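Peer 1: Here it is: the structure, laid out below.
What follows is calculated from the coordinates using simple rules that are stated; it is not laboratory data. In this text the structure is predicted, and so the values were computed from the model without any measurement. All Cβ positions, even for glycine, are placed from backbone atoms using ideal geometry, and neighbour counts span all protein chains on display.
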Amino acid sequence: MKKTHPTDVLHDFLGSAQIFTSAVNDLLEEQLREAGGPKVTFSQLKLLKMVSLTEDYTVSNVAAYLGVSNAAASKAVDRLVRRRLLKRAAAEADRRAVRLSLTETGRRLLTSYEIMADEQLAKLFGDFPRTRLRETAELLDRLSVSIVARDGEGEGFCFRCGLHFRERCLLRKAAGRSCYFHEHKRAESSSSV
């Protein structure tokens, strides 16, 4: 009988999580190609989703969200503006900030993609009990919070929330991270009162 190392189960778990993530990303990229043709990459789609949730950004915020340099973020915004998926304007309050908004074409692309992706995901996961999926999500959330909380970065904005799937940021409360989207929405709410 082969002896197993105590970390073997952890390696199996992480390998399965990596395969799952890769398979889901492949599926989502396939849905993106069907929804919008070769117009946008998955990274650019994430940027469109980010813009759909709130509209005041600095290039640094976009770069942090996409996990790229400021120059790459600026180029990504430029490409989407040239393709008429985004509009860009200087923010009134702070000229360094950029006000991005979706064009009607960008909004249609994002909506089309989300409908197609939701249909595919419902087909794929429809046979699994919702309670089992919820339990698995909660386990992954606890593990994610534990990993992120270890880095000691309580300050600064967190862009790990997976907002493409949900607006609820599990790291904001549990790991003491600031969430750009919630901070922005809170500021909008207080300024309109």
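Peer 1: How large is the dipole of the range 19-127 about the Cα centre if only Lys and Arg carry +1 and Asp and Glu carry -1, each at its Cβ, rounded to the nearest 20 debye?
Peer 2: Roughly 680 debye, rounded to the nearest 20.
Peer 1: Related question: Any idea how far apart Phe42 and Glu92 come out in nm if each label point goes 7 Å out from Cα toward Cβ?
Peer 2: With each label placed 7 Å out from Cα toward Cβ, I get 3.9 nm.
Peer 1: Hey, if you drop one equal point scatterer on each alpha-carbon of the range 19-127 and run the Debye formula without solvent, what base-10 log of I(q)/I(0) do you get at q = 0.12, 0.13 Å⁻¹?
Peer 2: The Cα Debye sum returns log10 ratios of -0.44, -0.51.
Peer 1: Just need the relative contact order of the range 40-115 here, percent rounded to a whole number, with Cα pairs under 8 Å and 6+ apart.
Peer 2: Relative contact order for the range 40-115 comes out at 33 percent.
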